[in-house]
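Colleague: Dumping the structure here so I can ask a few things about it.
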Amino acid sequence: MEMTGKPPYQPWLESFASAQGVMAGTVHLRRGETLELVATLNIPPPVVDAVRIIPQGRGMVGLAFATRRPVQTGDVLMDEGGRVLRGARALHASVALPLLDAAGEVLAVVGLAFLFEGRLSAEVTRALMDAIVTLPPCDL
């Protein structure tokens, strides 16, 4: 599902997911103080509608945006503040990875879900953070 014209975020997500063994994913680009959905993979239409625009702090993607750090499913399982969508608590291992510019500002957040349960190791999370720098350029 290509939601913007250029650059090609949908093909990037599909290729990245295949290379990393990801079953589902999203790419959100920063648009001011919110994130806009620009690509999805295996995300149900009602969820797509619910996550088109994400403010800081809402859901795993919004938490990664707010904290500038990766957020895993296990990090939000005990969220009692209502910041995480109920469905996110039921997912297999998943992570929201912020793509930062040289000044440490969030350019985008890539959400990934895997077939296995549990947490990603620190090494795998770092490798995924290093790998998402191949995301096509995005403007703030």
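Where a number appears in this text, it was derived from the coordinates with a stated rule and is not lab data. The structure presented is a predicted model; accordingly, all values stated were derived computationally and were not measured. Every residue, glycine as well, gets a Cβ built from its backbone with ideal geometry; the counts of neighbours run over all protein chains shown.
Colleague: Arranged from highest to lowest average of other beta-carbon atoms within 10 Å per residue, in what order do the peptides 93-99, 26-32, 125-131 appear?
Modeller: 93-99, 26-32, 125-131
Colleague: I'd like the distance between the alpha-carbon centres of segment 109-140 and segment 28-77, rounded to an integer number of Å.
Modeller: 13 Å
Colleague: While we're on this one: Can you tell me the order of 113-124, 55-66 when each peptide is scored by its average per-residue count of other Cβ atoms within 10 angstrom, highest first?
Modeller: 55-66, 113-124
Colleague: Another one. Mind listing the long-range amide H neighbours of residue 35? Cut-off is under 5 Å, sequence gap 5 or more, other chains count too, H placed in the peptide plane at 1.01 Å from N.
Modeller: 54
Colleague: Taking R0 as 22 Å, what's the FRET efficiency between residue 122 and residue 23 from their Cβ-Cβ distance, rounded to 0.05?
Modeller: Details: r = 22 Å, r/R0 = 0.98.
Computed FRET efficiency for residue 122 and residue 23: 0.55.
Colleague: In addition: Full-extension gain between residue 92 and residue 105, please, as 0.36 nm times their residue separation minus the C-alpha to C-alpha distance.
Modeller: 1.8 nm
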